[in-house]
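One structure is given below, encoded as structure tokens.
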Ligand SMILES: [Zn+2]
């Protein structure tokens, strides 16, 4: 009886501590948020200082650290099933946006990625890589500040863009550079860490 009680308790506890989503990187346990590492300034909601072409704004996602020392093909995965609705492949700003069914619907953004493996309108699954972290050659070319990948979870439909011949599959943009107040930040974005804990 005592053993059974412990078993039931363990099962319940494990279920509650496990996320219904999977982490977008290959850690020891992709269901456990505790295995995820962020860069030093990678937290959601940090105020980012103005740069010559970018005004001061809130960090609208998290910067995820490379989980291993693999500088060749460290994989990036979707957190759950979804459809690719936007893709851009211009160097360090390469980005995928994925739409997820749910109540309510939500969108995930994967940025500063490389080696994109999926096509526009593909159905993607958390078991299959969609891209990878930049490799050494790419980091040497674009800068080691990109030695992470930027991940966002959107509450609202991303911004539809006009067609651009230089980025023919980029149909949507996130709200990354228009969040100048905490209210706006929370109107458009989930805190990815809280979201993944669900
Ligand atoms: Zn970032």
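Worth pointing out:
- Residue 28/residue 71 FRET efficiency (R0 25 Å; Cβ-Cβ; nearest 0.05): 0.80
- The chain, relative contact order in percent, only Cα pairs under 8 angstrom and at least six apart counted: 23
- Taking Cα atoms only, the orientation of helix 2-17 departs from the longest principal axis of the chain by about 10 degrees.
- Modelled label reach - residue 167, point 7 Å along Cα→Cβ, region 47-91 residues with backbone N closer than 15 Å: 54, 85-91
- Averaging 1/r across all pairs of distinct Cα atoms in region 120-192 and inverting the result yields a Kirkwood radius of 15.2 Å.
- Each of 166, 32 has some number of other Cβ atoms within 10 Å of its Cβ, and from fewest to most they run 166, 32.
- Footprinting exposure proxy for 107, 144 (fewest neighbouring C-beta atoms within 10 Å first): 144, 107
- Based on every Cα atom in the chain, Rg and the maximum pairwise Cα distance Dmax equal 17.8, 68 Å.
- Over the chain, dividing the summed -39,500 (n - 2.57) contributions of all DSSP H runs of at least 4 residues by the number of residues returns a 222 nm mean residue ellipticity of -5000 deg cm²/dmol.
Every number in this text was worked out from the coordinates using simple rules, so none of it is lab data. Since this is a predicted model, take the numbers as computed values, not measurements. Counting neighbours? That spans all protein chains shown, and the Cβs are built from the backbone with ideal geometry, glycine included.
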